[in-house]
Amino acid sequence: MSKPFSPKVVTANDLLEGDVVYLAADDTWVRDLQDAEIIEDEAIADLRLLDASAQSDVVVGVYLIDVIRDEAGLQTTHFREEFRTKGPSNYNHGKQVELS
């Protein structure tokens, strides 16, 4: 028996800048997880993933991630994805500059 579908977000890397990006409901790519479209249906998730993958002139490495919503907002459920939300770890640039 397969496990039940959990909410997803489409993620990728911006082709030109390399930043982690998330697909918003209006088909734009956003850099803040809180602005991403939460997908609750498996069939829609598959379609959104196909649509996003077709944008190879904008993003690379498109895939779905599991998310939950709690009192702090939208959160990833895997360490790797939480790490990606914080930006590069070698020195402060991109999202890390904005957070400091």
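Just so you know, all these numbers are worked out from the coordinates, no wet-lab data involved. What you are looking at is a predicted structure, and each value in this text was computed from that prediction instead of being measured. Virtual Cβ from ideal backbone geometry, glycine too; neighbours counted across all protein chains shown.
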- DSSP-loop GluC sites (Glu not before Pro) across segment 1-84, with at most 13 other Cβ within 10 angstrom: Glu17, Glu40, Glu71
- Message: With a cap of 13 neighbouring Cβ atoms within 10 Å, and only residues DSSP puts in a loop, list the chymotrypsin sites (Phe, Trp or Tyr not before Pro) found in segment 2-62.
- Response: Phe5
- Task: Among Ser56, Ala24, Ile39, flag the residue with its Cα farthest along the positive direction of the charge dipole of segment 8-89, charges on Cβ as +1 for Lys/Arg and -1 for Asp/Glu.
- Result: Ser56
- Message: Nothing charged except the Cβ atoms of Lys and Arg (+1) and of Asp and Glu (-1): what's the magnitude of the dipole of segment 8-89 about its Cα centre? Round to the nearest 20 debye.
- Response: 320 debye
- Item | Contact order relative to length of segment 8-89, as percent, for alpha carbon pairs under 8 angstrom and 6 or more apart | 33 percent
